[in-house]
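Only one structure is covered here, and it is reproduced in the block below.
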Amino acid sequence: MVRTAGKAAFTLYLTLSGLWLSNAAAQTFELTSPDFANGAKLSLAQVNSRCGGRNGSPALRWSGAPPKTKSYALTVFDPDAGGGAGFWHWLIFDIPANASQLPEGAGSGKGLSQGIKQIANDFGGPGYGGACPPPGSGIHHYQFTLYALGIANLPAGIDSSSSGLAAYFKSHALATAVLTGIYSR
């Protein structure tokens, strides 16, 4: 009788452990925006002022980061620009692990907590540079990629070019989440 009760308790323990593990594994690292849906067109608010927009970065929210996340980095890349070479619109990093969002317009530096860094985009200045594809070049895809990193701050001495940083983020990511907006002129 004691053996049966012990077996039942052990079976219940395994079942509950399995449910907890499956729920933990089911949590997905996700990046969303209240300003556009994944795969939807960016609004003029996110379009570069050179192309008639307001050049504002969208509000971004995320959830489901791995438990060992110590910071985040975000890139915005248009792979359709430059004859396939692509174009970097935003690189921001050293976002604290306790953050779960960036406010609308954060790409201008407003609303960012101290220590968050932005480097020059392919327009030549730091911060967010909105969508601005050449007229008639078709639909461009603006990939907002959030990296959950296992380091609190980027180390000194790494390649600080756009492509160098993006490669570093990709190779050191615990997880990535991608949100894509489209735009054409």
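The values are calculated or read from the model by the stated rules, or taken from the named source; none is laboratory data. It should be emphasised that the depicted structure is a prediction, and the values quoted were computed from it without experimental measurement. Cβ: placed from backbone, ideal geometry, glycine included. Neighbour counts: every protein chain shown. Heavy atoms of the whole protein, side chains included, go into the accessibility calculation; ligands, DNA and RNA do not. Shrake-Rupley method; radii C 1.70, N 1.55, O 1.52, S 1.80 Å.
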Hey, in the GNM for the chain with a 10 angstrom Cα cutoff, which one of Gln101, Gln143, Gln118 fluctuates hardest? Gln101
Counting only the backbone N, which residues of the stretch 96-112 are under 14 Å from the spot 7 Å out from the Cα of Asn153 toward its beta-carbon? 96-97
Just one of [x] 145; [y] 114; [z] 136 is volume of the Cα convex hull per residue in Å³ as worked out from the coordinates here. Which one is it? [x]
Taking the solvent-accessible surface of protein heavy atoms with a 1.4 Å probe, what is the per residue accessible area of the stretch 42-185 in Å²? 45
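Quote the relative contact order of the chain in percent (integer), defining contacts as alpha-carbon pairs under 8 Å separated by 6+ residues. Intermediate results must be reported in sequence, preceding the final value.
On the way: 387 pairs, mean separation 46.7, N = 185.
In percent, rounded to a whole number, it is 25.
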With unit charges on the beta carbon (Lys/Arg positive, Asp/Glu negative), name the residue among His141, Phe36, Gly82 whose Cα is farthest towards the positive pole of the charge dipole of the chain. Phe36
Using alpha carbons only, how many degrees (0 to 90, rounded to 10) separate the axis of helix 162-171 from the longest principal axis of the chain? 10
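Can you check what the net charge comes to around Leu44, using other residues whose Cβ is under 13 Å from the Cβ of Leu44 (Lys, Arg +1; Asp, Glu -1)?
Working: positive: Lys41, Arg50, Arg54, Arg185; negative: Asp35.
That works out to +3.
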About the Cα centre, charge dipole magnitude for the chain (Lys/Arg +1, Asp/Glu -1 at Cβ), debye: 460
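Roughly how many percent of the accessible protein surface of the chain is carbon and sulfur, given a 1.4 Å probe and a whole-percent answer?
Working: 5600 of 9880 Å².
Heavy-atom surface of the chain belonging to carbon and sulfur, 1.4 Å probe: 57 percent.
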Out of Asn121, Asn98, Asn153, any idea which swings most in a Gaussian network model of the chain, alpha carbons joined below 10 Å? Asn98
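Quick check on the chain: helices-only [θ] at 222 nm, where DSSP H runs of length 4 and up contribute -39,500 (n - 2.57) each and the sum goes over total residues. Nearest 500, please.
Values: 2 runs with 35 residues, N = 185.
Mean residue ellipticity, 222 nm, calculated: -6500 deg cm²/dmol.
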Which one, Gly83, Gly164, Gly127, has the greatest fluctuation when you compute a Gaussian network model over the chain with C-alpha springs under 10 angstrom? Gly83
Shape descriptors of the stretch 107-185 over alpha-carbon atoms, Rg and Dmax in angstrom, are 14.4, 42
Relative to the chain, whose Cα atoms define the longest principal axis, helix 2-26 and its Cα axis are tilted in degrees, nearest 10, by 0
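Which whole-number percent gives the relative contact order of the stretch 26-103, counting Cα pairs below 8 Å spaced six or more residues apart? Don't skip to the answer; put the middle values down first.
Details: 117 pairs, mean separation 20.7, N = 78.
Result for the stretch 26-103 is 27 percent.
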Using alpha carbon centroids, what distance separates the stretch 27-76 and the stretch 156-185, in Å? 13
For the stretch 25-124, restrict the atom set to alpha-carbon positions and state the Rg and Dmax in Å. 14.3, 44
